[in-house]
1. Which of the residues that make up the range 29-38 are loosely packed, with under 14 Cβ neighbours inside 10 Å and either under 14 Å from ARG80 (Cβ atoms) or at pLDDT below 85 (or both)?
2. Pull out all pairs, ordered by first then second residue, where Cβ-Cβ is under 7 Å, the residues are six or more apart or on different chains, the first lies in the range 83-99 and is closer than 11 Å to VAL36 by Cα and free of Cβ contacts under 8 Å to residues at least 24 places away in the same chain, and the second is surrounded by 11 or more Cβ atoms within 10 Å (Cβ to Cβ) and among the β-branched types (Val, Ile, Thr).
3. Under the condition of being assigned to a helix (DSSP H, G or I), of a type in the set (A, V, I, L, M, F, W, C) and within 15 Å of the chain's Cα centre (by Cα), which residue from the range 39-55 is modelled with the lowest pLDDT?
4. Restrict the check to the range 42-58 and report whether at least one residue is crowded, with 17+ Cβ neighbours inside 10 Å, of a type in the set (A, V, I, L, M) and closer than 14 Å to ARG28 by Cα.
5. Go through ALA21, ALA15 for me and flag whichever is modelled with pLDDT under 70, out of contact with any Cys (no Cβ under 7 Å at 6 or more places or on another chain) and within 13 Å of THR71 (Cβ to Cβ).
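The values are calculated or read from the model by the stated rules, or taken from the named source; none is laboratory data. Everything numeric here is computed off the predicted structure, so don't read it as measured data. Here the Cβ is made from the backbone with ideal geometry for all residues, glycine too, and neighbour counts use every protein chain on show.
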Amino acid sequence: MRLSADPRSILGTLAVVVTIALSSPGVRAVRADERVLQGSSTRSLVLMLPALQALAALRGRDYVDSRDIETLVPRVLGHRIELAPGVADLREVLADAMVRPMETLARSTMRRR
């Protein structure tokens, strides 16, 4: 199975790059969030690409798109994250932590005029 991009999705277009580029900045951002007591390590992303490919295949596609990333990131990172008391929504914490790394990644892929 090849890992290609869904042209309809900016995240899908950058699936491989996102996984690699966000691994370190994304994990650091999660660890730095005050709602997180214990963050995950970058080692938790070792199998992200094969997992993304497998999920896309299960969903009948030969490309990874943003839905696959959104589905797997909480599962891949979340098993090692311990949230602070009173914080219940891991997805919200992850989404908030990924904003800056995603913006940085998006800017780095834009063509300069």
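1. Taking the range 29-38 first, the residues loosely packed, with under 14 Cβ neighbours inside 10 Å are 32, 34, 37-38.
Answer for the range 29-38, where residues must be loosely packed, with under 14 Cβ neighbours inside 10 Å and either under 14 Å from ARG80 (Cβ atoms) or at pLDDT below 85 (or both): LEU37, GLN38.
2. Matching pairs, first to second residue: LEU90/ILE81.
3. Initially, the range 39-55 is screened for residues assigned to a helix (DSSP H, G or I), giving 42-45, 48-55.
Those still in the list that are of a type in the set (A, V, I, L, M, F, W, C) too: 45, 48-49, 51-52, 54-55.
Now narrow it down to the ones that are within 15 Å of the chain's Cα centre (by Cα): 45, 48-49, 51-52, 55.
On the way: LEU45: 68, MET48: 75, LEU49: 75, ALA51: 84, LEU52: 81, LEU55: 90.
My answer is LEU45.
4. Step one: filter the range 42-58 for residues crowded, with 17+ Cβ neighbours inside 10 Å, giving 44-45, 48, 51-53, 55-56.
Right, trim to of a type in the set (A, V, I, L, M) and you get 45, 48, 51-52, 55-56.
From the residues that got through so far, the ones that are closer than 14 Å to ARG28 by Cα too are 45.
Yes, some residue in the range 42-58 is crowded, with 17+ Cβ neighbours inside 10 Å, of a type in the set (A, V, I, L, M) and closer than 14 Å to ARG28 by Cα.
5. Working: ALA21 fails: within 13 Å of THR71 (Cβ to Cβ).
Exactly one of ALA21, ALA15 is modelled with pLDDT under 70, out of contact with any Cys (no Cβ under 7 Å at 6 or more places or on another chain) and within 13 Å of THR71 (Cβ to Cβ), namely ALA15.
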